[in-house]
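Enquirer: Below: one structure in structure tokens.
The values are calculated or read from the model by the stated rules, or taken from the named source; none is laboratory data. Since we're looking at a predicted model, the values are computed, not measured. Positions of Cβ are backbone-derived with ideal geometry, glycine not excepted, and every protein chain shown enters the neighbour counts.
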Amino acid sequence: MKPPDHPVPSGDREIARALRDALASAGHDVALASRLRSFDAGGDAVRQARLHRIGERIAKCLVARYVHGDRPDLWFTYHLHHKAPDHLGPTVSRALGIAYVVAEASIAPRQRDGPWAIGHAHAQAAICGADTIVFVNPADVPQVRKARPRGAFAMLAPFIDIAGFAGPATAAPRVRAPGAPLRLTSVAMMREGAKLASYRVLAEALLRVRDLPFTLTIVGDGPARAAVAAAFGALGGRVTFAGARAKADIASLHREADLFVWPAVDEAIGIAFLEAQACGLAVVGADTPGVAAVVANGRTGLLAAPGDTASFAAAVRRLLADTALRERMRAAAPVYVRERHDLPTAAQRLDAIMRDAQARHRRSLPAELPC
């Protein structure tokens, strides 16, 4: 994928930066080894083979540099899958005799003989050769565990730096004039595919509750902005498009809002839900493994059946109409996130995982496990 410091907003890069910050917070010296992007979006076998050759050359250069310079203690790779295999970590870690750890690895068996067959083979080989797999999304566990049944793994709850995003905890009740519309927020990029599908589900769901007073502020931008705007056309002036905003602006919008809503179609990990809850917002999302991992269903928000517009609309209606329930969830949300999904807790957990992986490697646990 793109490197963590790439300027284009992305949930993947949010998580990558959070992992980097957590490791640094735990006292580790974290360095970006390479900016190689192994991602192949179209299933091009020629491109996949070429990226592998480039990766092998870069890996050999890295080994030469590390042997004669500042040798790392451990190699850490984030987000490894058939479209973006790791062409560096396995070679470098083997050559240097250091531990190899992968976070958020996934295996899609249907791609074994498909357009991404080359990427699938390299991704699975790296996953099977890792000392430890760190699962961030519970949905990845079954296939990865099936591929490496004897390999070490660890769970790490998705997290954010609450202090850096939301500031001090606040859950003071919202004061609205009688009959004043409740304020909803959504934060997401505007692009084709799952994001645009989510926006369309949201627009249709809100049309079903338009008898209730509400407004919606959408934070985000991208190539599908015109299609997103068209989806919300029937809601007229109720919807405000705020464009891309800095984190401080997003936190401010959340603190003034009443409810965060996002259908999260095919969304692996819902960092936006953590940010909203950290600011004292109840949320409505989809009951998928990635979103359920960051929302306490019934306590900090409501999760609807995935892709079910009627179910999502019903959840929104319930929280718009039930002030007491919404306020209870608003009060519980920042407490929940600080207890389970804050950076200091993740830093301790990640530090323990890394030290365990290094200890396993030193005890000569086989670097490659049969698949």
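Enquirer: Give the residues of the stretch 311-343 that are aromatic (Phe, Trp, Tyr) and either out of contact with any strand residue (DSSP E or B) (no Cβ under 9 Å at 6 or more places or on another chain) or more than 17 Å from Leu212 (Cα to Cα) (or both), sorted by residue number.
Expert: Within the stretch 311-343, just Tyr336 meets the criteria.
Enquirer: Looking only at helices (runs of 4 or more DSSP H) that lie completely in the stretch 114-214, which have at least 3 residues being in contact (Cβ under 8 Å) with a residue 40 or more places away in the chain? First the steps, then the outcome.
Expert: Values: elements: 117-129, 141-147, 162-165, 194-207.
In the stretch 114-214, 117-129, 162-165, 194-207 are the helices (runs of 4 or more DSSP H) which contain 3 or more residues that are in contact (Cβ under 8 Å) with a residue 40 or more places away in the chain.
Enquirer: Among the residues of the stretch 295-310, is there at least one that is in contact with a strand residue (DSSP E or B) (Cβ under 6 Å, 6 or more places away or on another chain), under 29 Å from Leu23 (Cβ atoms) and in contact (Cβ under 8 Å) with a residue 12 or more places away in the chain?
Expert: Taking every residue of the stretch 295-310 in turn, at least one turns out to be in contact with a strand residue (DSSP E or B) (Cβ under 6 Å, 6 or more places away or on another chain), under 29 Å from Leu23 (Cβ atoms) and in contact (Cβ under 8 Å) with a residue 12 or more places away in the chain.
Enquirer: Follow-up. Quick one: would you say Leu23 is surrounded by 12 or more Cβ atoms within 10 Å (Cβ to Cβ) and within 18 Å of Val101 (Cβ to Cβ)? Step through it out loud before you land on a result.
Expert: Working: surrounded by 12 or more Cβ atoms within 10 Å (Cβ to Cβ): yes; within 18 Å of Val101 (Cβ to Cβ): yes.
For Leu23, the condition - surrounded by 12 or more Cβ atoms within 10 Å (Cβ to Cβ) and within 18 Å of Val101 (Cβ to Cβ) - is met.
Enquirer: Return the total of residues in the stretch 208-249 being under 28 Å from the mean Cα position of the chain (by Cα) and aromatic (Phe, Trp, Tyr).
Expert: Keep residues of the stretch 208-249 that are under 28 Å from the mean Cα position of the chain (by Cα), which gives 215-232, 239-249.
After this cut, where a residue has to be aromatic (Phe, Trp, Tyr) as well, the list is 232, 241.
Qualifying residue count for the region: 2.
Enquirer: Does the stretch 295-344 hold any residues that are among the hydroxyl-bearing types (Ser, Thr, Tyr) and surrounded by fewer than 16 Cβ atoms within 10 Å (Cβ to Cβ), and which are they?
Expert: We begin by selecting, within the stretch 295-344, every residue among the hydroxyl-bearing types (Ser, Thr, Tyr); these are 300, 309, 311, 323, 336.
If the condition is that a residue be among the hydroxyl-bearing types (Ser, Thr, Tyr) and surrounded by fewer than 16 Cβ atoms within 10 Å (Cβ to Cβ), then Thr323 is the only one that fits.
Enquirer: Restricting to the stretch 244-269, what's the tally of residues that are in a helix (DSSP H, G or I), in contact with a Phe, Trp or Tyr (Cβ under 9 Å, 6 or more places away or on another chain) and closer than 19 Å to Pro181 by Cβ? Can you show your working first?
Expert: Taking the stretch 244-269 and keeping what is in a helix (DSSP H, G or I), we get 247-256.
After this cut, where a residue has to be in contact with a Phe, Trp or Tyr (Cβ under 9 Å, 6 or more places away or on another chain) as well, the list is 247-248, 250-251, 254.
Remaining after also requiring closer than 19 Å to Pro181 by Cβ: 254.
Count: 1.
Enquirer: Might you let me know whether the stretch 40-59 holds any residue that is in a loop (DSSP other than H, G, I, E, B) and buried (at least 18 other Cβ atoms within 10 Å of the Cβ)? Spell out how you get there, then give the answer.
Expert: Kept after step one, since they are in a loop (DSSP other than H, G, I, E, B), are these residues of the stretch 40-59: 40-44.
Now drop any that are not buried (at least 18 other Cβ atoms within 10 Å of the Cβ), which leaves 40.
For the stretch 40-59, residues in a loop (DSSP other than H, G, I, E, B) and buried (at least 18 other Cβ atoms within 10 Å of the Cβ): present.
Enquirer: Quick test for you: out of Ala203, Ala166, Ala231, pick the one residue that is assigned by TED's automatic domain parsing to the domain that holds Val335, in contact with a Cys (Cβ under 6 Å, 6 or more places away or on another chain) and not basic (Lys, Arg).
Expert: None of the other options fit; the residue is Ala166.
Enquirer: Please determine, by comparing only the residues of the stretch 84-97 that are in a helix (DSSP H, G or I), of a type outside the set (Gly, Ala, Ser) and in contact with a strand residue (DSSP E or B) (Cβ under 9 Å, 6 or more places away or on another chain), which one is surrounded by the most Cβ atoms within 10 Å (Cβ to Cβ).
Expert: Here is the first cut: in the stretch 84-97, the ones in a helix (DSSP H, G or I) are 89-96.
Going one step further and asking which of them are of a type outside the set (Gly, Ala, Ser), we end up with 90-92, 94, 96.
Checking the rest, the ones that are also in contact with a strand residue (DSSP E or B) (Cβ under 9 Å, 6 or more places away or on another chain) come to 90, 92, 94, 96.
Numbers: Pro90: 25, Val92: 23, Arg94: 16, Leu96: 18.
Here the answer is Pro90.
Enquirer: If Tyr100 passes every condition in (1) surrounded by fewer than 22 Cβ atoms within 10 Å (Cβ to Cβ); (2) in contact (Cβ under 8 Å) with a residue 40 or more places away in the chain but one, which one does it miss?
Expert: Condition not satisfied by Tyr100: (1).
Enquirer: Report, by residue number, each residue of the stretch 270-304 that is in contact with a Ser or Thr (Cβ under 6 Å, 6 or more places away or on another chain) and either of a type in the set (A, V, I, L, M) or assigned to a strand (DSSP E or B) (or both).
Expert: Residues of the stretch 270-304 in contact with a Ser or Thr (Cβ under 6 Å, 6 or more places away or on another chain): 277, 280, 304.
Passing the criteria: only Ala304.
A quick yes/no check of all residues on (1) under 22 Å from the mean Cα position of the chain (by Cα); (2) closer than 18 Å to Val294 by Cα; (3) not aromatic (Phe, Trp, Tyr):
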site: Val101; (1), (2), (3): yes, no, yes
site: Ser106; (1), (2), (3): yes, no, yes
site: Cys128; (1), (2), (3): no, no, yes
site: Ile133; (1), (2), (3): yes, no, yes
site: Val136; (1), (2), (3): yes, yes, yes
site: Asp140; (1), (2), (3): yes, yes, yes
site: Lys146; (1), (2), (3): no, no, yes
site: Phe159; (1), (2), (3): yes, yes, no
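Enquirer: Same structure, new question: Looking only at the stretch 142-161, how many residues end up being over 18 Å from Asp12 (Cα atoms) and at pLDDT 90 or above? Steps first, answer last, please.
Expert: Here is the first cut: in the stretch 142-161, the ones over 18 Å from Asp12 (Cα atoms) are 142-154.
From what is left, the residues that are at pLDDT 90 or above are 142-149, 152-154.
Number of matching residues: 11.
Enquirer: So, one more: I'd like to check something: does the stretch 70-83 contain any residue that is more than 26 Å from Ala157 (Cα to Cα) and surrounded by fewer than 15 Cβ atoms within 10 Å (Cβ to Cβ)?
Expert: yes
Enquirer: Can you find, within the stretch 209-262, the residue that is surrounded by the fewest Cβ atoms within 10 Å (Cβ to Cβ) among those that are closer than 20 Å to Thr323 by Cβ and among the basic types (Lys, Arg)?
Expert: The qualifying residue surrounded by the fewest Cβ atoms within 10 Å (Cβ to Cβ) is Arg210.
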